[in-house]
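As structure tokens, the structure follows; a few thoughts come after it.
The values are calculated or read from the model by the stated rules, or taken from the named source; none is laboratory data. Source: prediction; values computed, not measured. We place every Cβ from the backbone using ideal geometry, glycine too, and count neighbours over all the protein chains shown.
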Amino acid sequence: MTSKKKQKKKQVTENDLNGLKEEIAKELGLDDEIARRGWANLTSRETGKIGGHMAQKLKKDKDKDRE
């Protein structure tokens, strides 16, 4: 084992993810649709768009933490 200190992994909680999901949906202009139809009734294209943006943001934040 090396002598480097182990870095603690930043744990992302479910609340963090839900907050991020709502933030991105609002940025994409989907907040009115969600209010009208609900999360369960979004199209696969809409949910994929939200998920893709979430993944990009999480990756970007993870890369920032490494610097």
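Here are some notes:
- Subset of segment 1-19 [within 19 Å of R66 (Cβ to Cβ) and either touching a Leu at 6+ places or on another chain (Cβ under 9 Å) or modelled with pLDDT of 90 or more (or both)]: V12, D16
- Considering segment 22-65, the residues that are over 16 Å from the mean Cα position of the chain (by Cα) and surrounded by 15 or more Cβ atoms within 10 Å (Cβ to Cβ) include one that is farthest from V12 (Cα to Cα), namely E33.
- Across segment 20-47, the qualifying residues are those that are of a type outside the set (A, V, I, L, M, F, W, C) and outside any helix (DSSP H, G or I), and the one among them that is farthest from K60 (Cα to Cα) is G38.
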